Amino acid sequence: MKAFKVKRGGELYYRVELPQRLCPDGKRHSVMGKTRSEALEKAEEEMARWERGLDRNAKNKTLAQFLSEFLAYYKHDGGVAPSTFQDYRYHIESHIVPLLGTVTLAELDPRRVDAFTRALTEKGLAPRSSQYSYSVLRRALQFAVDWKYIPANPASSRVRAAKRRQVRELSQIRFLTPAESRAFLTAVRGDRYEALYVLAITTGMRQGELLGLQWPDLDLDAGKLTIFRSLHRTKRRRDPDDDIPWFQFRHPKTVGSRRTLEIPPVTVEALREHSAKQKVQRLLADTSWQEQKLVFTTRIGTPVDTTNVLHRFHQILEDAGLPKMRFYDLRHTHASLLIAEGVHPKKIAERLGHASIQLTMDLYGHLFEGSDKESADRMQKIFGSRDEAGPAPAENIVAFPTPRRRA
């Protein structure tokens, strides 16, 4: 290829005409640069795009234009839950577009991605939110690669942000002690959501699993329940054109989450009392009642708002003089109580619906520290002290020859 000098607006440029095979419309196309090397580099890039089957016009799209196209596709064909789509849209509109929206796909490179992640940190975004925004950008740009818009994903060519560790710090996992747990059950006695709190602390079920529980899932006579679904509430601002409902029932995300649990008599008793109260509430609501077979409902039978449950939960903790925590920490409390009682980690993992025992150990391994001391004590009991064992027999001592040094 040759670069020819041309003048445009009194400025000198270099132009390279592209081969005819790169111009399917029959017209001759060319690229220009301020220097000969720049023009030749652009021409080679265009040829490379053609050889890879890339869309030649897509490179001029701004990231904002591409992300709008991505969201339109992702909403209906992305194969994700509506709440996940809303999370993606929120991070794109709130964080990615304001910082990178005017950058074209051709201009977007790893250096700009690095600058983007630094800007998120500098404006005070929480580490988890910053990592999520970066993950959304990386996911979206992978679609650009698949759609032949760009040759490679500039957000995944190397690791830029440390992956969020699944091992929580000890200070981040809060739970009630056995004494505090008993005090909590005393405090919720007679509360409208008493059965919900009792079920949470005695089974370790996730909040969505609790609120998605239906009466046919329970066998109170046998003291068992089966988890078939989970209730999810959309968290992000909804678009006026959205047809996404506020509440959705979804299947548990893993096979292990679909499980049958044994429930103790104290929980069965609380659920029986709750059932009797719900029957009275159904009569009071009359025609306003919307039957969905849910165990925990509003006063008209609709799904319970998680925000209302959380506010009431915090009020109970405050009135009882117990430490403030998340509702999810009742799940941690259940796990810690089982560990304190010596239940095997595999059984705990199955009860919590973890995908593997490794996740259980990552989360709660520090609570098993006492078991290592117990192991050492048992070894001492077996072997006793060295004095009791006496000196080692001579025939058990092996002398190893000293290795020769090389000259």
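The values are calculated or read from the model by the stated rules, or taken from the named source; none is laboratory data. From a predicted model like this one, the values you see are computed outputs, not experimental measurements. Every residue, glycine among them, receives a Cβ derived from its backbone with ideal geometry; neighbour counts consider all protein chains shown. To get the accessible areas, we keep the full protein, side chains included, count just its heavy atoms, and leave off ligands, DNA and RNA. Shrake-Rupley method; radii C 1.70, N 1.55, O 1.52, S 1.80 Å.
Quick one: in segment 283-335, of everything that is part of a helix (DSSP H, G or I) and among the hydroxyl-bearing types (Ser, Thr, Tyr), which residue is most open to solvent (accessible area, probe 1.4 Å)? The extreme case among them is THR287. Restricting the search to segment 67-103, which residues are under 21 Å from LYS148 (Cα atoms), open to solvent by less than 80 Å² (accessible area, probe 1.4 Å) and among the charged types (D, E, K, R)? Passing the criteria: GLU69, LYS75.
When you look at LEU367, is it assigned to a helix (DSSP H, G or I), at pLDDT below 90 and hydrophobic (A, V, I, L, M, F, W, C), yes or no? So LEU367 passes the test. Of ARG312, ARG351, ARG272, ARG326, all but one fail to be closer than 19 Å to VAL198 by Cβ, in contact with a Ser or Thr (Cβ under 9 Å, 6 or more places away or on another chain) and touching a residue at least 40 places away in the same chain (Cβ under 8 Å); the exception is ARG351.
Taken over segment 104-124, the criterion of being surrounded by 17 or more Cβ atoms within 10 Å (Cβ to Cβ) and of a type outside the set (Ser, Thr, Tyr) is satisfied by LEU105, LEU108, VAL113, PHE116, LEU120. Checking each residue in segment 122-139 for being part of a helix (DSSP H, G or I) and over 25 Å from SER83 (Cα atoms) picks out only GLU122. Yes or no: LEU261 surrounded by 14 or more Cβ atoms within 10 Å (Cβ to Cβ), outside any loop (DSSP other than H, G, I, E, B), over 25 Å from the mean Cα position of the chain (by Cα) and at pLDDT 90 or above? Considered against the rule, which asks whether it is surrounded by 14 or more Cβ atoms within 10 Å (Cβ to Cβ), outside any loop (DSSP other than H, G, I, E, B), over 25 Å from the mean Cα position of the chain (by Cα) and at pLDDT 90 or above, LEU261 comes out as no.
Could you go through segment 265-282 and let me know if any residue there is under 15 Å from LEU210 (Cα atoms) and open to solvent by 100 Å² or more (accessible area, probe 1.4 Å). So far as segment 265-282 goes, no, none of its residues is under 15 Å from LEU210 (Cα atoms) and open to solvent by 100 Å² or more (accessible area, probe 1.4 Å).
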